[in-house]
């Protein structure tokens, strides 16, 4: 691919570099042991999009993988009026002119084999996308099942809460009635002790009359 890119650059032929990157990464992904290519370019893209890369293992580029101004100058590129222009050497000019006049470039055989490789990479890409779609579908079904189970349990908890609330109200009324009964019994015992001169007197309270009337009315069922 590097030869193809250099030929496109030298021949001033437009090409879609992101598409070539994608095809190359898909082809590398289909292999058993692969390393994701274009790591430095992807890192620049992630940094431009402000994607956090903490925790990733950094790899230092080798000297031969680094391109700078001196590298471009050695390759024949010169910056003229702010634009990088290819300026071939004197001994390369006849060869470049001859190649431009040729109907069939020397690497035409490589281009003829390209459709087979492209179809193979497309097949691998389709298989990968189909696998990812099936995985997402199974995950979605699993999540739907989990949500149904959670909703069922929440409904049961709501019913249990209503039952406990009603029982609590009944217990509250029963306890309040029992306390009034105990209080009335203690008051009658106090009066009997006062009548038998065991104690000096029975202190009357403002709620005695109402308590006597309440003792005749049982609590509501």
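The values are calculated or read from the model by the stated rules, or taken from the named source; none is laboratory data. Just so it is clear, the structure is predicted and the values come from calculations on it, not from any experiment. Ideal geometry is used to build each Cβ from the backbone, glycine not excepted, and the neighbour counts take in all protein chains shown.
Take the conditions assigned to a strand (DSSP E or B), at pLDDT 60 or above and either in contact with a strand residue (DSSP E or B) (Cβ under 8 Å, 6 or more places away or on another chain) or surrounded by fewer than 10 Cβ atoms within 10 Å (Cβ to Cβ) (or both) and apply them to residue 89. Does it pass?
Values: assigned to a strand (DSSP E or B): no; at pLDDT 60 or above: yes; either in contact with a strand residue (DSSP E or B) (Cβ under 8 Å, 6 or more places away or on another chain) or surrounded by fewer than 10 Cβ atoms within 10 Å (Cβ to Cβ) (or both): yes.
No: the conditions fail for residue 89.
Here is a check on your reading of the model: is residue 3 modelled with pLDDT of 80 or more and in a helix (DSSP H, G or I)? Give the steps one after another, and end with the answer.
On the way: modelled with pLDDT of 80 or more: no; in a helix (DSSP H, G or I): yes.
No: the conditions fail for residue 3.
Considering every residue within the stretch 53-72, establish whether at least one is out of contact with any helix residue (DSSP H, G or I) (no Cβ under 9 Å at 6 or more places or on another chain), surrounded by 13 or more Cβ atoms within 10 Å (Cβ to Cβ) and closer than 29 Å to residue 128 by Cβ.
No, the stretch 53-72 has no match at all.
Determine which member of the set 111, 130, 99 is at pLDDT 80 or above, surrounded by 10 or more Cβ atoms within 10 Å (Cβ to Cβ) and assigned to a helix (DSSP H, G or I). Please lay out each step first, then the result.
Details: 111 fails: at pLDDT 80 or above; 99 fails: at pLDDT 80 or above.
Criteria check complete, one pass: 130.
Taking residue 41 as the residue in question, decide whether it is surrounded by 11 or more Cβ atoms within 10 Å (Cβ to Cβ), touching a residue at least 12 places away in the same chain (Cβ under 8 Å), part of a helix (DSSP H, G or I) and under 26 Å from the mean Cα position of the chain (by Cα). Please lay out each step first, then the result.
Details: surrounded by 11 or more Cβ atoms within 10 Å (Cβ to Cβ): yes; touching a residue at least 12 places away in the same chain (Cβ under 8 Å): yes; part of a helix (DSSP H, G or I): yes; under 26 Å from the mean Cα position of the chain (by Cα): yes.
Answer is yes for this residue.
Every residue in the stretch 10-28 that is at pLDDT 80 or above and part of a helix (DSSP H, G or I), please.
Once the filter is applied, which keeps residues that are at pLDDT 80 or above and part of a helix (DSSP H, G or I), the stretch 10-28 yields 17, 18, 19, 20, 21, 22, 23, 24, 25, 26, 27, 28.
Let me spell it out: the conditions are (1) at pLDDT below 75; (2) out of contact with any helix residue (DSSP H, G or I) (no Cβ under 8 Å at 6 or more places or on another chain), and residue 200 meets all of them except one. Which number is the exception?
Condition not satisfied by residue 200: (2).
Can you pull out the residues in the stretch 182-197 that are at positive phi and at pLDDT 80 or above? It would help to see each step written out before you state the result.
Initially, the stretch 182-197 is screened for residues at positive phi, giving 197.
Once the filter is applied, which keeps residues that are at positive phi and at pLDDT 80 or above, the stretch 182-197 yields nothing.
Working carefully through the options 31, 50, find the one that is exposed (fewer than 10 other Cβ atoms within 10 Å of the Cβ) and under 30 Å from residue 127 (Cβ atoms). Let's see the steps before the verdict.
Values: 50 fails: under 30 Å from residue 127 (Cβ atoms).
The match here is 31.
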